[in-house]
Amino acid sequence: MSLIPVLAIDGPSGVGKGTVARIMAQKLGWHLLDSGAIYRAFALAVDARNIDVTDESALVEVANNLDLAFKTETDSELVSVYLDGQDVSKVLRTEQTGEMASKIASIGVVRAALLKRQQAFAKAPGLVADGRDMGTVVFADAPFKVFLTASAQERANRRLKQLQNQGSEGIISQILADVVARDERDSSRKHSPLKPAKDALIIDTTELSIDEVITQVSELIKA
Ligand code: DC
């Protein structure tokens, strides 16, 4: 049992895990793990090296040597992600990278190879970890586990708003189809599928504001 307290936040794509995790980490003064960013960066590294995704030993080699760094920008709360020394923050967040990450994340040897790198984020005074299998696998003994859900339509709406805030466009029907397809893949895979841990607090955020979600998560920690 780890002595470092971990708050595991899992849930499907577009549910707002990243925002909730970032705010909770700030509130608690804990470290933050965006495990999806690790899978996304890994997918980019595999793509850049033109590796065949059926070549498991090559995938493990890339995972073991992934040159990845997270840097919090001093003038903002944003975290930039560097892969092989290059800032990949923008391409990392595209739907195309998310799709590649979701596909490659279904491979068991990839998940095993990236496990320790994720667990190494657990440092004093604590960690807020966001992903799909934080509460079920990576930090299965975490004292605090939350599983966020929301209707697919609501998650697609949120994703569209996020794109518009970034000055990009999106077609709601396409976003909805992408959200549904990614969740289906993440939930039905054999290795570490997306599902709530038995001891997770499940919060349906469809009708909730971020503040309301933060209040519920904070209450869990206080309790
Ligand atoms: O959270 P995200 O959208 O950045 O994650 C991108 C993909 O990475 C997601 O569709 C599935 C995979 N992933 C995973 O399998 N396990 C995690 N803990 C985090 C992400």
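FYI, it's all coordinate maths here, none of it is from the lab. Only a predicted model underlies this, so the values are computations on that prediction, with no experimental measurement involved. All Cβ positions, glycine included, derive from the backbone under ideal geometry; neighbour counts span all protein chains shown.
Taking the chain as the region of interest, what is the percent of Cα-Cα pairs per 5 angstrom bin, listed from the shortest bin to the one with the maximum distance?
The percentages, shortest bin first, are 1, 7, 14, 19, 21, 19, 13, 5, 1, 0.
Mind jotting down the distance between the C-alpha centroids of the stretch 133-172 and the stretch 1-63, whole Å?
Using only Cα atoms to place each centre, the spacing works out to 13 Å.
Given H placed on each backbone N at 1.01 Å, which residues far from LYS145 in sequence or on other chains put an amide H within less than 5 Å of it?
ALA8, LEU201
Using the Cα centre as the reference, give the magnitude of the dipole from point charges on the C-beta atoms of the chain (Lys, Arg: +1; Asp, Glu: -1; all else neutral), rounded to the nearest 20 debye.
So the dipole magnitude of the chain works out to roughly 360 debye.
When a/c reaches 1.5 or more, the comparison of a/b and b/c decides; with that in mind, is the stretch 1-67 rounded, prolate or oblate per its Cα gyration tensor?
Here the stretch 1-67 falls in the prolate category.
Search the structure for amide H atoms under 5 Å from the amide H of VAL88, placed 1.01 Å from N in the peptide plane, and list their residues when 5 or more places away or on another chain.
For VAL88, the qualifying residues are VAL81, TYR82, LEU83.
With a ≥ b ≥ c taken as the square roots of the eigenvalues of the C-alpha gyration tensor of the stretch 184-223, please select rounded if a/c is under 1.5 and otherwise prolate if a/b is larger than b/c or oblate if it is not?
oblate
Just VAL88, VAL180, VAL128 to compare: in a GNM of the chain, with alpha carbon springs under 10 Å, which one fluctuates most?
Taking springs between Cα atoms under 10 Å, the residue moving most is VAL88.
Mind ranking 131-141, 29-39 by how tightly packed they are, going by the mean number of other C-beta atoms within 10 angstrom, highest first?
Ranking, from highest mean packing down: 131-141, 29-39.
Once whole DSSP H runs in the chain are found, which of them have Cα atoms spread over 15 Å or more along the helix axis and a mean Kyte-Doolittle score of at least 1.6?
TM-like helix candidates: nothing returned.
Show me the three semi-axes of the equivalent ellipsoid for the stretch 74-193, from the C-alpha gyration tensor (sqrt of 5 times each eigenvalue), largest first, rounded to whole Å.
Result for the stretch 74-193: semi-axes of 25, 20, 16 Å.
Let me know the number of lysine pairs in the stretch 9-164 closer than 23 Å at the Cα, not counting same-chain pairs under 8 apart.
Value for the stretch 9-164: 19.
What distance in nm separates the simple spin-label points at THR72 and ARG117, each placed 7 Å from Cα in the Cβ direction?
The two pseudo-label positions are separated by 2.2 nm.
Compare LEU114, LEU78, LEU148 in a GNM of the chain, Cα atoms joined below 10 Å, and give the one with the largest fluctuation.
The residue with the greatest mean-square fluctuation here is LEU78.
In the stretch 69-123, if the dipole is taken from +1 on Lys/Arg beta carbons and -1 on Asp/Glu beta carbons about the Cα centre, which of THR72, VAL109, THR97 is farthest to the positive end?
Sorting the options by dipole projection puts first VAL109.
Kindly provide the trypsin sites (Lys or Arg not before Pro) of the stretch 144-223 that DSSP labels as loop, not H, G, I, E or B, and whose Cβ sees at most 12 other Cβ atoms within 10 Å.
When the trypsin sites (Lys or Arg not before Pro) of the stretch 144-223 are filtered for loop state and at most 12 Cβ neighbours within 10 Å, LYS190, LYS198 remain.
Can you list which of the GluC sites (Glu not before Pro) found in the stretch 70-124 are DSSP loop residues with at most 15 other C-beta atoms within 10 Å?
Here the sparse-neighbourhood loop sites are GLU73, GLU77.
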